[in-house]
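A.B. asks: Structure provided below as structure tokens; questions to follow.
The values are calculated or read from the model by the stated rules, or taken from the named source; none is laboratory data. Since this is a predicted model, take the numbers as computed values, not measurements. Neighbour counts are summed over all protein chains in view; Cβ atoms, including those assigned to glycine, are modelled from backbone coordinates with ideal geometry. Heads up: the accessible areas ignore ligands, DNA and RNA and are worked out on the full protein's heavy atoms, side chains in. Shrake-Rupley method; radii C 1.70, N 1.55, O 1.52, S 1.80 Å.
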Amino acid sequence: MRHVTFERLTWVCFEWCLFDSSAVAFFRLNIKRQHCGNMLPTDGFMCFPGQTWEKVLSKVKKAVVFMDDRCSESLHWNGGAALLFEAGARNIKQFSSFEAGGQNEPKAVFVVSTVLKGRTADIIKDIISLSHFQYCVVFTTVPHSIHLLANNVTTELEGNPVFEQFEEKLCEWMGDMNYTAEVMHVPVVFAPLTQQLHLLPAFSDLFPLLEVDLEAINEKRPEKRRFGSLMDVDMHSLPPELQIQIKSLASALNALFEFISTREESYSVGPISRLIAGELASHPQAKNRRKSAPNKASIVFIDRSLDLTGVV
């Protein structure tokens, strides 16, 4: 057996900027082009986004697919609607309370980029209530561990209790506890525009912290414990929604590096980038990956706050 290894990846730049009038996270890859057997290092980066959709494709046969805008944007750059129809999907609809399945459509697949609670859960319930489903599958880009955080569970639990509870709700909404429901996590967050540029539509609301954010954070803290600058802000002081976004992003990045068997060295420029890099460094699965991954990469996180300013 012949073993081959990648050459060291030069760097992976992860930036926050204004793109098409909105905040979008994106990868810019700068990787040495050297053959590794029949594969280039860039192939792993290009294959991963499409690979994340495989689990979804395995469940869409004869199903009506409901998908939110962010996941739809990712799908657009990974083969588009044709990918789902080729896998056997009957129809694709917007993730909205005003949509529903037809009389002869007993199976539904939901693909969402949010935690399965609040408005997201309400929309799923509305769609099911207006339909005649007997089999529902829900995919979320948010890992189960972060669902625990969103439900104020601080201890590690065996299995996926939050997902299992949501499966019971799905059966309840379908009107029969003997119907079939599945809930699972898939990191369908990457939109590969080119080999060297990946967008992450699921994190379009994540933007560098500004001074006005520091003021809002300090308002909720005792005077003696207020932060002097944005670089002093820690994860636990952030709003829960922002914590969930950062942790979800770190989880998606870890999944990418695990797919390409790479251990990273992280560098950051700016307060929000420092928090993301720190979260990736402390990710439980990342620690195990770094011990055995044969490849190396440097990842640079950059807060591009100056994009808010005009040219002088």
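A.B. asks: What ³J(HN,Hα) values, in whole Hz, does the Karplus curve 6.51 cos²θ - 1.76 cosθ + 1.60 give for region 225-239 when θ = phi - 60°, with x put for Gly and Pro?
C.D. replies: Computed from phi, the couplings for region 225-239 are 10, 6, 7, x, 8, 5, 5, 8, 5, 10, 4, 5, 8, 7, x Hz.
A.B. asks: Over region 47-185, with every protein chain in place, what whole percent of the accessible area is carbon and sulfur at 1.4 Å, could you tell me?
C.D. replies: In region 47-185, the share of accessible area belonging to carbon and sulfur is 46 percent.
A.B. asks: What would the Debye formula give as log10 I(q)/I(0) at q = 0.15, 0.23 Å⁻¹ for the alpha-carbon point model of region 75-126, no solvent?
C.D. replies: The Debye formula, applied to the Cα set alone, gives -0.50, -1.03.
A.B. asks: Please list the three semi-axes, largest first and in whole Å, of the ellipsoid equivalent to region 183-305, using sqrt of 5 times the eigenvalues of its alpha carbon gyration tensor.
C.D. replies: Working from the Cα gyration tensor, I get semi-axes of 28, 16, 14 Å.
A.B. asks: Give, to the nearest whole percent, the P(r) tail of region 47-185 beyond 25 angstrom, counting all Cα pairs. Each step should come with its number before you reach the end.
C.D. replies: Details: 2250 of 9591 pairs.
Counting pairs separated by more than 25 Å, the tail of P(r) holds 23 percent.
A.B. asks: What accessible area per residue, rounded to a whole number of Å², is obtained for region 47-185 using a probe radius of 1.4 Å?
C.D. replies: Details: 6860 Å² over 139 residues.
Ligands and nucleic acids excluded, the figure is 49 Å² per residue.
A.B. asks: Here is a further query. Pairs to check: K59/K107; K117/K220; K61/K169. Give those whose C-alpha atoms are more than 21 Å from each other in this structure.
C.D. replies: The answer is K117/K220; K61/K169.
A.B. asks: Can you tell me, using C-alpha contacts under 8 Å and at least 6 residues apart, the relative contact order of region 105-173 as a whole percent?
C.D. replies: Averaging sequence separation for qualifying contacts and normalising by length gives 40 percent for region 105-173.
A.B. asks: Calculate the tail of P(r) for region 138-238: the fraction of all Cα-Cα distances greater than 15 Å, expressed in %. Don't jump to the answer; show the numbers that get you there.
C.D. replies: Details: 3781 of 5050 pairs.
Here the tail beyond 15 Å accounts for 75 percent of pairs.
A.B. asks: Going highest first, how would you order 225-235, 83-93 by mean Cβ packing within 10 Å? Could the numbers behind the result be given before it?
C.D. replies: Details: 225-235: 13.0, 83-93: 16.9.
For the peptides 225-235, 83-93, the packing ranking is 83-93, 225-235.
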